[in-house]
Amino acid sequence: MGLNNPTFVKGSLRQRFYELFLIYALVISTGAFLFHLTGTDPTVVASLEPASWLGRINQVFIYCVALSIYLMHWRSINAVARASLPLLAFPALALLSCLWAPDPSTTFRRALALFFNILIVMEIAALFSPARMVRMYILALSINVFCSLIWVFALPNYGVHTAADWVEPEHAGLWRGVFTHKNRLGYESSIALVLLLFAGRSVIQSTTFRFAAMAAAALCLIGSQSGTGIVMTCLMILVAAYSTFIARLDVNARYLFGGLGVLAVVLLLAIAIPIALMIIEALGKNTDLTGRIPLWTVLLTWASERPWLGYGYSSGFENAIMPRLREYMGVTLWHSHNGYLETFISFGYVGVFALIALLGSFARKMAMSLRLPEAQVAMLLPLSAAVLVSSILSNITEAQFFAQNTFFNLALSVAYVLLSSSLMGVTSRRGARVGKRAVQFRSDAIMSPGNTI
């Protein structure tokens, strides 16, 4: 499978093409360069057209190449897909929801994008080792932060929010880089910085490149002034650092300290929430999360009108919920500002159960990974734990689960598929270790000849 497949290794040119294409596809899957691909001027109200011809050609190109890769390596990719079935429930639900969504064409287009986002991640996992997969993801994130810095200074009409922006001009002067919003740049810089700090050394040979990418990510995070991004960075660094500590212990100690870590997080949340509310009240601020809690109450009532299958992926909110918000509350929102509620609105109880199954499977795979050798645990655990914790918490105030072509969906997909593919061959019987993939895992031997990054 993957790099260990003799026919794949012999075709070095094809291997290089696969790697470059899949890194490019990862970049696009984060939502980078959306203004440019859609031909959108940020000072003009967005067109109802899905994309410019450039955007459509780019999208078709990615779909066709990804599909051809699948047809050539379907056995390996299917093996990864079988190990990651809970994740595939969401593109499946998104495509099925075209049958009842108010705008089937928009739902289909976005569901297709979600499907290919996840397929690309699975192709990387099938064709490359876990360490190389992490390296490719880091390179994609590094491209985004480097380009964002260039855009800020060379193309500020795109790279910086202005007072002339058609939406949220109050962010004037804040950086958005190659993304459409400062928070997207903040989130992207956050995960890039954490990955470079905790996994960069083992998968990136060039110290100069690594430190330059970390500096660029830090500058983008500061320039975006994304409060959520900064909080996420601090949270993920703490989680990743603790996970790195756990990786150095023996198996029994890993389970002990892993369990203690989970308990500590639960207790801290139980204590922190009432304390935070008390502080907010003492400062004379509103404790309704800037109007989110009353909004959620209304949206939950409307979502309960279609409780089992919801209103359909993405277009359901825009076409069935958003007009009612305008009419009854006088506000225009593109999502519910809550990932759990958004899942219920899109897919009903079926989607909520699927989300619970996915998060439970994610946690179970993290526990299984504790049995792996130290090099693998040190690679897998910091990334997966940081992404899982940040996803669970950030989706309380933002709708981040399974939004196509965004950092949110991509980070969760990469972490879950990375865990799933790394655990292929693992058995729990009598504490058995791993199969061929684990034996062949060597983070110090994943570079192609002549690769200097």
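The values are calculated or read from the model by the stated rules, or taken from the named source; none is laboratory data. Model, not experiment: these values are computed from the prediction. All Cβ positions, even for glycine, are placed from backbone atoms using ideal geometry, and neighbour counts span all protein chains on display. Each accessible area value is taken on the protein alone, full model and side chains, heavy atoms only, with ligands, DNA and RNA left out. Shrake-Rupley method; radii C 1.70, N 1.55, O 1.52, S 1.80 Å.
Filtering the range 200-253 to residues that are in contact with a Leu (Cβ under 9 Å, 6 or more places away or on another chain), free of Cβ contacts under 8 Å to residues at least 12 places away in the same chain and open to solvent by less than 80 Å² (accessible area, probe 1.4 Å) leaves only Leu249. Scanning the range 53-94 for residues that are among the β-branched types (Val, Ile, Thr) and within 21 Å of Arg110 (Cα to Cα) yields Ile57, Val60, Ile62, Val65.
Report whether or not Leu295 is open to solvent by less than 30 Å² (accessible area, probe 1.4 Å) and part of a helix (DSSP H, G or I). When the stated conditions are applied, Leu295 passes them. The residue that is nearest to Thr397 (Cα to Cα), among those in the range 254-268 that are open to solvent by less than 90 Å² (accessible area, probe 1.4 Å) and without any contact (Cβ under 8 Å) to a residue 12 or more places away in the chain, is Val266.
Restricting the search to the range 41-55, which residues are crowded, with 17+ Cβ neighbours inside 10 Å and either over 25 Å from Val65 (Cβ atoms) or modelled with pLDDT of 80 or more (or both)?
Residues satisfying the conditions are Pro42, Gly55.
Look at (1) outside any helix (DSSP H, G or I); (2) touching a Cys at 6+ places or on another chain (Cβ under 9 Å); (3) under 18 Å from Ala411 (Cα atoms) and you find that Phe179 fails only one, number (2).
Tell me yes or no: at least one residue of the range 309-319 is surrounded by 16 or more Cβ atoms within 10 Å (Cβ to Cβ), farther than 20 Å from Glu398 by Cα and modelled with pLDDT of 90 or more. Yes, some residue in the range 309-319 is surrounded by 16 or more Cβ atoms within 10 Å (Cβ to Cβ), farther than 20 Å from Glu398 by Cα and modelled with pLDDT of 90 or more. Quick one: would you say Ala131 is within 20 Å of Ala375 (Cα to Cα), of a type outside the set (D, E, K, R), touching a Ser or Thr at 6+ places or on another chain (Cβ under 9 Å) and part of a helix (DSSP H, G or I)? For Ala131, the condition - within 20 Å of Ala375 (Cα to Cα), of a type outside the set (D, E, K, R), touching a Ser or Thr at 6+ places or on another chain (Cβ under 9 Å) and part of a helix (DSSP H, G or I) - is met. I want to confirm something. Restricting to the range 395-427 and keeping residues that are open to solvent by 10 Å² or more (accessible area, probe 1.4 Å) and of a type in the set (Ser, Thr, Tyr), which single residue is modelled with the highest pLDDT? Ranking the qualifying residues of the range 395-427, first place goes to Thr397. None of Trp100, Trp151, Trp166 is open to solvent by 10 Å² or more (accessible area, probe 1.4 Å) and at pLDDT 95 or above except Trp151.
Just to be sure, is Gln400 in contact (Cβ under 8 Å) with a residue 60 or more places away in the chain, under 23 Å from Val178 (Cα atoms) and either in contact with a His (Cβ under 8 Å, 6 or more places away or on another chain) or of a type outside the set (D, E, K, R) (or both)?
Criteria met by Gln400.
Of all the listed residues (Phe146, Phe179), the sole one being among the aromatic types (Phe, Trp, Tyr), open to solvent by less than 10 Å² (accessible area, probe 1.4 Å) and under 30 Å from Trp334 (Cα atoms) is Phe179. With respect to the conditions (1) open to solvent by 40 Å² or more (accessible area, probe 1.4 Å); (2) in contact (Cβ under 8 Å) with a residue 24 or more places away in the chain, Leu85 lacks only one, and its number is (2). Within the range 323-336, the set of residues being buried (at least 18 other Cβ atoms within 10 Å of the Cβ) and at pLDDT 80 or above comprises just one member, Leu325. Taking the listed residues Asn58, Asn117, Asn78, the one that is surrounded by fewer than 17 Cβ atoms within 10 Å (Cβ to Cβ) and among the polar types (S, T, N, Q) is Asn78, with no other qualifying.
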